[in-house]
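The values are calculated or read from the model by the stated rules, or taken from the named source; none is laboratory data. Bear in mind the structure is a predicted one, so any value in this text is a computation, not a measurement. Neighbour counts run over all protein chains shown; Cβ positions are idealised from the backbone, glycine included. The protein model used for the area step is the full one, side chains on, heavy atoms only, and it has no ligands, DNA or RNA in it. Shrake-Rupley method; radii C 1.70, N 1.55, O 1.52, S 1.80 Å.
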Amino acid sequence: MRSVQVKVGNWAEVMRGASVAILVGFLVAAVSCSVRAGETDASKEEGAAPAAKPRYCVLFNQDCTHLFDRGSQLTPQDVQRMVDEVAGGGADVMLVNPNAQLANYPSKVWQTWWDGYKEGDRSFFAGVPDKSVARRENWVWEMAHLAQQCDYLATALSRCREKAIAPGISLRMNDIHDGGNPDSHMHSRFYKENPQFHLKFFSGSLNPAGLDYTNGEVREHYLSLIRELAEGYDFDVLELDFMRFPYYFNANEGEQNCETITGFIREVREILDGSGRPISLIPRVASSPEAARKLGFDVQAWAREGIVDGITVANFLGTAWDMPIDRFRKLVGPDVAVYASAEVAADRRDGLPVRYLPESYEMLRGFAAGYLAAGADGVNTFNYFLARHHKPVRTAEAFYGGQREMRSLEEARGKPRIHVLSVAKRLPACDMPNQAPVTIRASAEHRFEMILAAEGGGQEVEALVYYDGENRPEDLSLGIGSHSIGHAVEIREGPAGNEEDKSSRKSKIAVFKVPPGVIVDGRNELVIHSERVDTTILGIDVCVR
């Protein structure tokens, strides 16, 4: 039987360890493309001008429970190993997530996950389905046990320094997991004791009762956490994850809501600048400028005031392959970094098996190459680790090493890669629209948009159109931009879905050979014409080999 006495009596020892970690972190030089251009010793002095635009290539987001989901007694060495695996795989920033509504490290200003927990007391997990209690209990027990050995966050950030990967923190700005369970152990006292600060539920929000940022007390609650982090922890990047979850206001009052969040960002910037060292502020926002602004994220104002160093654009869940990076760039200008966020699932085509990005170096290259060609400064991987133990289990290098393939357009351009049509679970308020499935009637056509990167010298390009229908090769034709590609050269059998799934499909693939020079860097229009029968398009891959 495991036993742990949950207390903070050794807090002084923990803080001494954290202080040593911070000191060591300052003394270790990080040599990679993550070094901020223009950074000097003078720029670290209090009141110094902010450093130049971040030059990061790949940002890796590690969530607040993944390490604690292993079912084994954790030690500080496990925290270090977590960092080592990511650092060895090619990312140059590790964004460690220390919070949902609760903190997973021994915070002095926020309630911890294990506060009030007594081993064996299942009432602590009120309302949690019986099948999930053991997993939840393991999270809490592991966090409490690890806190008696080290400060999880300080240990992870210090290890980043040692492994020459930039230490970063990702804060979830309105987490509402277990939103349908008001008594959940995942809800903080601040949340439970202040129902007047809760957002109202509205259909389709996926956020039935988050916190309303019109209230100054709510904003101060988060600012207190940011102050603790800026004053006591050594990190180079702060991501404000506004997409986990994406709702912050009840009323759709765009201008007022934007002013509220911009004021909040301004206060965060002041806290970071007061730390006496350069810290890049990179909020994570919705996938289109319109959706971002409607939710309260006025990225143009942030850039104009110089209060952010970068932005990451993202769907709520699911990878978007066609986010308008060019339009974000026009809003923020050349001096603010723009990152494209990928989720663990590459796509979720109707009735077909899910494909996962970490399991395909070709898709990882395709995602990065397309966005880099479109003007992004780099990529951000979200929930990447969820595929870590898919069968067959791969080594850490094989799994995380795919991120190394996403660092450079020049390198990705000359290697095999796959670009994918956006098809994902969609939250309409913040996500790019799905482009499939769509049915093309006989003798009609449909236009699709894909962000692509032109092929390198000597490479061949195929467009694979996944569909459900009775088409022959001569029944389908393709155009890309101003070029007519012609009819399909062959029809292949496509992947079959799960037979137990009523929406399962037995798909086919129409193969088109794309001549050299047709694909351009950035946005491409693909036109599919169905000449004889109705055809349901399920997805498109553009394969460069």
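For V520, the requirement of being under 23 Å from D347 (Cα atoms), out of contact with any Lys or Arg (no Cβ under 7 Å at 6 or more places or on another chain), among the hydrophobic types (A, V, I, L, M, F, W, C) and touching a residue at least 40 places away in the same chain (Cβ under 8 Å) is met.
Of the listed requirements (1) in contact with an Asp or Glu (Cβ under 9 Å, 6 or more places away or on another chain); (2) within 24 Å of R505 (Cα to Cα); (3) not small (G, A, S), I451 misses just one: (2).
Kindly provide the set of residues from segment 83-116 that are among the β-branched types (V, I, T), open to solvent by less than 10 Å² (accessible area, probe 1.4 Å) and touching a Leu at 6+ places or on another chain (Cβ under 9 Å), ordered by number.
Of all residues in segment 83-116, those among the β-branched types (V, I, T) come to 83, 86, 93, 96, 109, 112.
After this cut, where a residue has to be open to solvent by less than 10 Å² (accessible area, probe 1.4 Å) as well, the list is 83, 86, 93, 96.
V83, V93, V96, listed by residue number.
Within this structure, M450 fails the test of being among the aliphatic types (A, V, I, L, M), buried (at least 21 other Cβ atoms within 10 Å of the Cβ), under 28 Å from the mean Cα position of the chain (by Cα) and assigned to a loop (DSSP other than H, G, I, E, B). For segment 184-191, check the following and say yes or no: at least one residue is among the charged types (D, E, K, R) and open to solvent by less than 40 Å² (accessible area, probe 1.4 Å). No, the conditions are met nowhere in segment 184-191.
Tell me, which residue of segment 117-131 that is in contact with a Phe, Trp or Tyr (Cβ under 8 Å, 6 or more places away or on another chain) and closer than 13 Å to M186 by Cβ is most open to solvent (accessible area, probe 1.4 Å)? Step through it out loud before you land on a result.
First pass over segment 117-131, keeping only residues in contact with a Phe, Trp or Tyr (Cβ under 8 Å, 6 or more places away or on another chain): 117-119, 124.
Narrowing further to those that are closer than 13 Å to M186 by Cβ: 117, 124.
Working: Y117: 12, F124: 39 Å².
Checked segment 117-131; the qualifying residue most open to solvent (accessible area, probe 1.4 Å) is F124.
Candidates are the residues of segment 212-231 that are open to solvent by 10 Å² or more (accessible area, probe 1.4 Å) and outside any helix (DSSP H, G or I); the one that is farthest from L427 (Cα to Cα) is N215.
When the criteria are applied in full, V313 meets the requirement of being in contact (Cβ under 8 Å) with a residue 12 or more places away in the chain and crowded, with 24+ Cβ neighbours inside 10 Å. Take the residues in segment 83-128 that are in contact with a Pro (Cβ under 7 Å, 6 or more places away or on another chain) and in a strand (DSSP E or B); name whichever of them is nearest to V218 (Cα to Cα). Here the residue is T112. Among the residues making up segment 66-82, those that are open to solvent by 10 Å² or more (accessible area, probe 1.4 Å), farther than 20 Å from R161 by Cα and either outside any loop (DSSP other than H, G, I, E, B) or at pLDDT 95 or above (or both) are H66, D69.
In segment 400-447, what residues are aliphatic (A, V, I, L, M), closer than 28 Å to E531 by Cβ, at pLDDT 95 or above and not in a strand (DSSP E or B)?
Let us first name the residues in segment 400-447 that are aliphatic (A, V, I, L, M), namely 406, 409, 412, 418, 420-421, 423-424, 427, 429, 432, 436, 438, 440, 442, 444.
Within this subset, residues satisfying the condition of being closer than 28 Å to E531 by Cβ are 418, 420-421, 423, 436, 438, 440, 442, 444.
Now drop any that are not at pLDDT 95 or above, which leaves 418, 420-421, 436, 438, 440, 442, 444.
If the condition is that a residue be aliphatic (A, V, I, L, M), closer than 28 Å to E531 by Cβ, at pLDDT 95 or above and not in a strand (DSSP E or B), then L421, A436, A442 are the ones that fit.
For segment 491-545, a tally of residues being at pLDDT below 95, touching a strand residue (DSSP E or B) at 6+ places or on another chain (Cβ under 8 Å) and part of a loop (DSSP other than H, G, I, E, B) returns 4. Of all the numbered requirements in (1) of a type in the set (K, R); (2) farther than 16 Å from L171 by Cα; (3) at pLDDT below 95, R293 misses one, and that requirement is (3).
Filtering A368, A374, A345 for residues that are crowded, with 24+ Cβ neighbours inside 10 Å and of a type outside the set (K, R) leaves a single hit, A368.
Quick one: which residue in R293, R277 is in a helix (DSSP H, G or I) and not small (G, A, S)? Give the steps one after another, and end with the answer.
Details: R277 fails: in a helix (DSSP H, G or I).
Answer to the selection: R293.
Would you be able to say whether some residue in segment 237-250 is open to solvent by 40 Å² or more (accessible area, probe 1.4 Å) and in contact with a Lys or Arg (Cβ under 6 Å, 6 or more places away or on another chain)? Taking every residue of segment 237-250 in turn, at least one turns out to be open to solvent by 40 Å² or more (accessible area, probe 1.4 Å) and in contact with a Lys or Arg (Cβ under 6 Å, 6 or more places away or on another chain). For the criterion of being of a type in the set (S, T, N, Q), farther than 19 Å from V237 by Cβ and within 23 Å of the chain's Cα centre (by Cα), Q77 fails. One residue alone among E470, E460, E445 is under 23 Å from L364 (Cα atoms), touching a residue at least 40 places away in the same chain (Cβ under 8 Å), surrounded by fewer than 19 Cβ atoms within 10 Å (Cβ to Cβ) and out of contact with any helix residue (DSSP H, G or I) (no Cβ under 6 Å at 6 or more places or on another chain), and that residue is E460. So how many residues does segment 234-274 have that are part of a loop (DSSP other than H, G, I, E, B), of a type in the set (D, E, K, R), out of contact with any strand residue (DSSP E or B) (no Cβ under 6 Å at 6 or more places or on another chain) and at pLDDT 95 or above? Final tally of qualifying residues: 1.
Which of the residues that make up segment 205-261 are acidic (D, E), under 21 Å from N194 (Cβ atoms) and touching a residue at least 12 places away in the same chain (Cβ under 8 Å)? So that I can check it myself, show each step before the final result.
Start the filter on segment 205-261 by keeping residues that are acidic (D, E), which leaves 212, 217, 220, 228, 231, 234, 236, 239, 241, 253, 255, 259.
Those left that are additionally under 21 Å from N194 (Cβ atoms): 212, 217, 220, 228.
If the condition is that a residue be acidic (D, E), under 21 Å from N194 (Cβ atoms) and touching a residue at least 12 places away in the same chain (Cβ under 8 Å), then D212, E217, E228 are the ones that fit.
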